[in-house]
Amino acid sequence: MADEFELQVELRTGTGKSVSRRLRRKADMVPAILYGAGVEPQPLSIAHKDMHKACENEAFFSHIISLKTSETTQQAILKDLQRHPSRDRILHADFYRIQMDKSISVEVPLHFINEDVCIGVKQGGGNIAHTMTSVEVSCLPGDLPEFIEVDIGNLEIGESVHMSELVLPEGLSIPVLLQGADHDQVVVAVNAPRRAEEIVQEETEETAEEPDEDSDEADDS
């Protein structure tokens, strides 16, 4: 089970875009919402500095989070985070209430190990291609892992690891796999090195597609 994070939060009554803008600009707070478990959604506000610091830790996104007010503590997971498109600012956060006896679905980071001794790279000169950096799992809150390790040390050129081949801690499952083999995506693969002639051919084709600027200028004159 992943250790818990704690955030000091404030309950708020006002909602809407204008209220959220005032919270961000005047109070330097992040508007948030807490929902789930059959309880009415509760608007919250969190100090931006606290939220920003928590988000610097990768584990925050797959941990149980204790949301604390002066009177109560509620456990939740982060379900959605909105960031400013160009500034280092958090605009809004969605938290989902958890019940320790009810399964939850959470996106958990993948940690790739033994890349430096991967057979396909060391012996074959191949390239490692990561097609996924996290995977959604279903489990009880108490079984939630901080991350899932993916050992690629024995992968040879042309080999890959699919979601169904991930070694999951006890109590975890990957919901999308229930939809059939077509949803069993590749997580990581070792591709063969590109041959020199393929690179030359690609460059030649790109050059051939470029317009002849001298010819265009002659036509314009």
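Considering (1) loosely packed, with under 12 Cβ neighbours inside 10 Å; (2) in contact with a helix residue (DSSP H, G or I) (Cβ under 9 Å, 6 or more places away or on another chain), the lone condition that PRO43 does not fulfil carries the number (1). Give the number of residues within region 110-146 that are hydroxyl-bearing (Ser, Thr, Tyr) and part of a loop (DSSP other than H, G, I, E, B). Count: 2. Exactly one residue out of GLU149, GLU156 is acidic (Asp, Glu), open to solvent by 80 Å² or more (accessible area, probe 1.4 Å) and not in a strand (DSSP E or B): that is GLU156. In region 43-62, the residues that are more than 24 Å from ARG12 (Cα to Cα) form Cβ pairs under 6 Å with partners that are part of a strand (DSSP E or B) and open to solvent by 10 Å² or more (accessible area, probe 1.4 Å), at six or more places apart or across chains, as follows: GLU58/PRO109. For region 60-104, give me each residue that is crowded, with 16+ Cβ neighbours inside 10 Å, assigned to a strand (DSSP E or B) and among the hydroxyl-bearing types (Ser, Thr, Tyr). Selection gives TYR96 alone. Taking each residue of region 164-179 that is within 14 Å of ASP143 (Cα to Cα) and looking for partners that are assigned to a loop (DSSP other than H, G, I, E, B) with beta-carbon atoms closer than 6 Å, six or more apart or interchain, yields PRO169/PRO145. The selection criterion, being more than 18 Å from GLU165 (Cβ to Cβ), among the aliphatic types (A, V, I, L, M), surrounded by 15 or more Cβ atoms within 10 Å (Cβ to Cβ) and touching a Leu at 6+ places or on another chain (Cβ under 9 Å), does not hold for VAL137.
Check whether at least one residue in region 119-138 is in contact with a Gly (Cβ under 6 Å, 6 or more places away or on another chain) and more than 15 Å from ALA189 (Cα to Cα), and report yes or no.
Taking region 119-138 as the starting set, the residues that turn out to be in contact with a Gly (Cβ under 6 Å, 6 or more places away or on another chain) are 120, 126.
From the residues that got through so far, the ones that are more than 15 Å from ALA189 (Cα to Cα) too are none.
Looking through region 119-138, none of the residues is in contact with a Gly (Cβ under 6 Å, 6 or more places away or on another chain) and more than 15 Å from ALA189 (Cα to Cα).
The values are calculated or read from the model by the stated rules, or taken from the named source; none is laboratory data. What you are looking at is a predicted structure, and each value in this text was computed from that prediction instead of being measured. Quick reminder, even Gly has a Cβ in these numbers, built from the backbone with ideal geometry, and neighbours come from all protein chains shown. Just so you know, the surface numbers come from the protein's heavy atoms only, side chains and all, with ligands and any DNA or RNA stripped out. Shrake-Rupley method; radii C 1.70, N 1.55, O 1.52, S 1.80 Å.
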